[in-house]
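What follows is a short report on a single structure.
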Amino acid sequence: MKITSTEIRKKFIEYFGSLNHIVFNSDSLIPSSDPTLLFTSAGMVQFKDYFLAKKTGLKRACSIQKCLRTSDIEKVGHTIRHLTFFEMLGNFSFGDYFKKEAIHWAWEFICNVVNLDRTRLYITVYKDDDEAYEIWSKILPTSKIYKLSEETNFWKMGDSGPCGPCSEILYDLGDEFGCKKPDCGPQCGCDRFLEVWNLVFTQFDLQKDGKLVPLKQKNIDTGMGLERLCMVVNNLKSVFETDLFMPIKEEFKKYISSNSENFDIYINAISDHIRAATFAISEGILPSNESRGYVIRKIIRRALRYVKLLNYNKPILYKLVPKVVEIMRSVYPEIELHREKVSVIIKSEEEKFLETLDEGIKLIDELTKKYKDIIPADVVFKLYDTYGFPKELIDEILKEKNLSYNEKEFLEIQKKSKDISKASWKGVKVVNKDIYLLFPQTKFIGYEEFSTKAKLLGIIKDTKVINKASKNEEVELIFDITTFYGESGGQIGDSGTIETLDNKIVAEVKDTKKIENRTVHIAYLYQEIETNSDFILKVNIQKRKNIMRHHTATHLLHKALKEILGEHATQSGSLVADNYFRFDFIHWKALSSDEISQIEKIVNQKILECLPVEVIHTDLEKAKKLGATALFEEKYQQQVRVIAIGGKIENDRIIKPPYSIELCGGTHCSNTGEIGIFKILSETSVGTNIRRIEAICGEKVSYYIDNLSKILSEIGYMLGTTNLEEIKFKIEKLIQENKKLQKEIENIKLNLTSQHSQEISQELNGIKFYIKHIPDIELRQLRTLSDEIIRKYEKEPYLVVLYSTQKEKISIVIRTTPTLIQQGLTSQKFAEKISKNLNIRLAGRDDFVQGGGSIIEEKPISIHTILNILTQ
């Protein structure tokens with residue numbers, strides 16, 4: 001009888017829940033408390049502080065953790081078991097039970113709860129762990145227990161941290177999966193003996209110098225891959241045959257069918273990679289060229305290369321996202337909130353990479369023919385730099401073709417060109433939250449009130465808790481209740497004052513943070529204060545109202561962007577302040593002036609309509625049914641706050657559809673009319689497919705218009721007119737006159753410098769070389785001159801090279817005529833020779849290349865030097 005992945009999850013949680021384990025939800029893929037990790041790679045990550053006894057009060061826990069690892073990415077799809085994204089079932093003990101209970105409960109669950117065939121189970125233990133060996137020997141024959149080395153049976157989380165000996169439960173898949181060697185067994189690295197569950201007996205804290213320091217308490221950390229368990233429980237031959245992958249593969253086959261002998265490898269890798277990308281992007285990890293984003297881009301591009309190998313040349317991965325969501329939403333409902341955003345981002349990545357993939361693969365094919373064993377590192381770097389191939393993908397492709405390159409040289413070139421690779425990760429700033437956990441959670445009443453009486457519970461100075469603070473000190477204050485909004489969700493923190501009960505100001509609150517549901521007031525003291533004293537907290541009302549105007553406007557802007565640009569234009573970040581706001585959204589090109597005008601018009605129209613802003617408290621599932629939009633950067637609890645603008649909602653039912661509805665914990669106007677007026681200040685790019693709008697509302701627009709009017713008056717005074725149309729006409733006339741004068745100046749300068757130029761015209765092997773050196777002119781002037789020359793010679797096999805030197809700099813333009821290009825002799829081919837010999841950067845297309853760089857002034861570059869380089 002088949003057991004679904006959903007049933008396995010349920011059985012695991014119910015079993016360990018019955019053994020008094022507290023059930024924890026999966027932590028984020030982004031480790032919030034460990035700066036040494038790019039991703040959450042194991043179930044124990046969220047419990048690290050309990051293992052180290054930095055946190056106490058928790059004895060037993062269990063979880064199903066979503067994990068992401070890329071250490072074996074080259075094996076994904078090629079084996080029956082390797083994955084980048086997977087779920088890890090784990091039970092944990094923090095100074096409570098140890099080896100005996102962990103071993104017995106694991107055996108009980110695996111044999112009696114999910115009913116694995118115990119005759120096919122084998123055990124490994126660390127070679128020096130006699131205690132674990134003794135416990136196992138009372139459960140099954142010693143012939144099935146293997147003592148192995150530190151390499152396989154001593155678990156480490158990283159270069160430092162909790163660690164200890166481990167015991168693995170292996171499942172014998174049968175001889176057909178084995179290596180056929182006489183000594184094949186659990187110690188072998190082949191696929192026959194599949195690790196199902198790893199029981200780690202965490203006893204030590206590994207120091208950075210390699211020393212093992214005993215932990216204050218002995219702990220248990222177990223990890224069992226859901227996909228592997230689902231495979232063996234159902235007697236399948238691969239994790240990719242489970243219900244976690246088959247629907248994705250079937251969906252893929254609707255678009256692509258192939259007779260390729262590697263089809264199964266490709267489709268397996270693709271189904272894994274789309275899961276990883278979907279979950280990562282849904283948590284706000286956007287593909288990029290650095291840190292986490294680099295890893296996700298690498299995964300997407302690796303999957304797309306497999307699609308390409310199946311002779312499919314259009315975006316397809318994004319079409320698989322809904323199927324991933326369908327399979328996983330019952331366990332991770334948050335991914336459904338981001339389904340459309342994830343699809344749009346992945347499709348954009350596909351389109352971008354497909355543009356250069358063909359050229360890159362063509363180059364690789366040429367390299368295969370040209371080089372037998374070793375490819376020059378600079379040529380390999382071109383695949384990385386110009387065609388966007390992740391280094392790991394290059395390594396994988398070249399390995400397939402039995403080619404290699406000097407990796408050290410590659411990395412030196414990479415560093416020199418300032419490209420950022422995976423190794424650029426420098427960690428994240430992590431706030432030590434433990435000190436704030438000493439205090440109870442703060443009750444926030446600031447949605448309704450601007451002032452309140454509150455008791456001072458704690459004073460923190462230089463990361464230490466104190467009971468009294470003196471005048472003129474800056475400290476962090478925690479109260480039992482507050483009206484101050486702590487910075488979160490993109491909205492800045494409130495400022496204001498702290499007063500005595502008789503209204504004397506004792507402190508100024510400069511900023512407010514929200515840390516672990518504690519509101520932290522960063523305050524400058526005018527008088528001495530003590531804990532357990534009562535005060536009056538007063539928010540700066542004018543600043544708060546400006547923040548509220550800007551925050552409500554972001555919701556209107558979000559909706560307007562979707563109306564004008566399309567549903568893909570979803571929010572990817574924001575900053576809501578009192579003097580302006582910025583709003584980042586997904587879009588792949590700059591907005592036109594007409595689009596900006598339309599967006600402003602829509603937002604201001606909704607402001608004029610004075611739409612009511614309704615706050616709804618409900619659960620996440622009901623919010624989804626209402627159609628509420630969720631944001632990437634936010635992590636939602638089951639109970640959520642919904643902001644609905646316009647419309648009418650009663651008892652979680654839509655009576656009249658709202659204009660905008662979003663999950664949001666920020667402060668808002670009660671009516672859009674309170675915003676006053678909305679104005680976009682700028683629209684720019686802040687990353688691949690990410691645009692940013694900066695805007696202002698209310699009185700800030702009034703100040704902006706006053707200032708603009710003043711500037712226009714001053715310009716009119718300088719031009720001798722107050723008429724706006726005449727001002728525009730006079731400025732346009734001045735611009736045209738200026739352009740005309742600039743052109744005349746450039747022509748005069750070009751004529752003068754040409755008198756000092758050197759040139760050579762020579763024909764070699766059917767190619768006519770025209771090389772000219774013109775000192776002290778700009779690159780744009782070289783381009784202009786090259787246009788004239790190439791038109792003159794366009795019907796002949798001409799290579800035109802113009803260059804200029806200014807002190808220690810060189811600018812160069814290379815042009816080839818259509819006749820040469822037809823022979824395969826492009827500007828880029830000649831540019832490669834010059835780049836290699838002169839160490840300068842050049843870029844362009846087949847008929848035109850330009851660029852420049854630094855040269856040594858004492859070694860001038862002659863036209864004959866250029867000719868020799870080109871004819872090598």
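The values are calculated or read from the model by the stated rules, or taken from the named source; none is laboratory data. Bear in mind the structure is a predicted one, so any value in this text is a computation, not a measurement. Cβ placement follows ideal geometry from the backbone for every residue including glycine, while neighbour counts extend to all protein chains displayed. Ligands, DNA and RNA are stripped out before the accessible areas are found, and what is left, the full protein with its side chains, is counted by its heavy atoms. Shrake-Rupley method; radii C 1.70, N 1.55, O 1.52, S 1.80 Å.
Just a yes or no: is a residue in the range 538-554 part of a loop (DSSP other than H, G, I, E, B) and closer than 30 Å to Thr629 by Cβ? The answer is yes; a qualifying residue exists. Any chance the range 651-663 includes a residue that's closer than 29 Å to Leu620 by Cα and under 22 Å from the mean Cα position of the chain (by Cα)? So far as the range 651-663 goes, yes, one or more of its residues are closer than 29 Å to Leu620 by Cα and under 22 Å from the mean Cα position of the chain (by Cα). The residue that is nearest to Arg845 (Cα to Cα), counting only those in the range 775-802 that are open to solvent by 60 Å² or more (accessible area, probe 1.4 Å) and not in a helix (DSSP H, G or I), is Glu794.
So in the range 352-383, with the set limited to residues that are of a type in the set (D, E, K, R) and surrounded by 15 or more Cβ atoms within 10 Å (Cβ to Cβ), which one is farthest from Ala831 (Cα to Cα)? Checked the range 352-383; the qualifying residue farthest from Ala831 (Cα to Cα) is Lys352. Across the range 7-66, the number of residues qualifying as buried (at least 18 other Cβ atoms within 10 Å of the Cβ), touching a Pro at 6+ places or on another chain (Cβ under 9 Å) and in a loop (DSSP other than H, G, I, E, B) comes to 5.
Of all the helices (runs of 4 or more DSSP H) wholly in the range 141-256, which have at least 3 residues that are modelled with pLDDT of 95 or more and open to solvent by 20 Å² or more (accessible area, probe 1.4 Å)? Qualifying helices (runs of 4 or more DSSP H): 246-253.
So, of the residues in the range 527-551 that are open to solvent by less than 40 Å² (accessible area, probe 1.4 Å) and β-branched (Val, Ile, Thr), which turns out to be nearest to the chain's Cα centre (by Cα)? That would be Ile547.
When the range 83-99 is limited to residues that are assigned to a loop (DSSP other than H, G, I, E, B) and aromatic (Phe, Trp, Tyr), the one that is least open to solvent (accessible area, probe 1.4 Å) turns out to be Tyr97.
Report whether or not Ile80 is open to solvent by 10 Å² or more (accessible area, probe 1.4 Å), in contact (Cβ under 8 Å) with a residue 12 or more places away in the chain, within 33 Å of the chain's Cα centre (by Cα) and within 30 Å of Thr142 (Cβ to Cβ). Spelling it out, Ile80 is indeed open to solvent by 10 Å² or more (accessible area, probe 1.4 Å), in contact (Cβ under 8 Å) with a residue 12 or more places away in the chain, within 33 Å of the chain's Cα centre (by Cα) and within 30 Å of Thr142 (Cβ to Cβ).
Annotation: of all residues in the range 803-821 being open to solvent by 10 Å² or more (accessible area, probe 1.4 Å) and part of a strand (DSSP E or B), the one that is modelled with the highest pLDDT is Arg815. Please specify each residue of the range 216-238 satisfying the condition of being of a type in the set (A, V, I, L, M, F, W, C) and touching a Gly at 6+ places or on another chain (Cβ under 8 Å). Of everything in the range 216-238, just one residue is of a type in the set (A, V, I, L, M, F, W, C) and touching a Gly at 6+ places or on another chain (Cβ under 8 Å), namely Met224. State which residue is most open to solvent (accessible area, probe 1.4 Å) when the search covers only the range 733-763 and only residues that are modelled with pLDDT of 75 or more and β-branched (Val, Ile, Thr). By that ranking, first place goes to Ile735. Residues in the range 117-133 that are open to solvent by 10 Å² or more (accessible area, probe 1.4 Å) and within 39 Å of the chain's Cα centre (by Cα): Tyr126 only. Val506 satisfies every condition listed in (1) open to solvent by 10 Å² or more (accessible area, probe 1.4 Å); (2) in contact with an Asp or Glu (Cβ under 9 Å, 6 or more places away or on another chain) except (1). Look through the range 421-455, keep the residues that are acidic (Asp, Glu) and in a loop (DSSP other than H, G, I, E, B), and return whichever of them is modelled with the highest pLDDT. Per the stated criteria, the residue is Glu449.
Filtering the range 446-478 to residues that are surrounded by 17 or more Cβ atoms within 10 Å (Cβ to Cβ), more than 21 Å from Leu501 (Cβ to Cβ) and hydrophobic (A, V, I, L, M, F, W, C) leaves only Ile460. Scanning the range 257-291 for residues that are open to solvent by less than 30 Å² (accessible area, probe 1.4 Å), of a type outside the set (Asp, Glu) and farther than 18 Å from Ser238 by Cβ yields Ala277, Thr278, Phe279, Ala280, Ile281, Ser282, Ile285, Pro287, Ser291.
Cβ-Cβ distances below 7 Å connect the following pairs, each with a first residue in the range 697-725 that is at positive phi and surrounded by 11 or more Cβ atoms within 10 Å (Cβ to Cβ), a second residue that is among the aliphatic types (A, V, I, L, M) and outside any helix (DSSP H, G or I), and a separation of six or more residues or different chains: Gly698/Ile677. Exactly one residue among Glu650, Glu674, Glu621 is out of contact with any strand residue (DSSP E or B) (no Cβ under 7 Å at 6 or more places or on another chain), open to solvent by 70 Å² or more (accessible area, probe 1.4 Å) and at pLDDT 95 or above, and that residue is Glu674.
Among the residues of the range 100-139, those identified as outside any helix (DSSP H, G or I), of a type in the set (Val, Ile, Thr) and touching a residue at least 40 places away in the same chain (Cβ under 8 Å) are Val114, Ile123, Thr124, Val125. Looking only at residues in the range 479-502 that are farther than 16 Å from Thr442 by Cβ, assigned to a strand (DSSP E or B) and not acidic (Asp, Glu), the one that is least open to solvent (accessible area, probe 1.4 Å) is Gln491.
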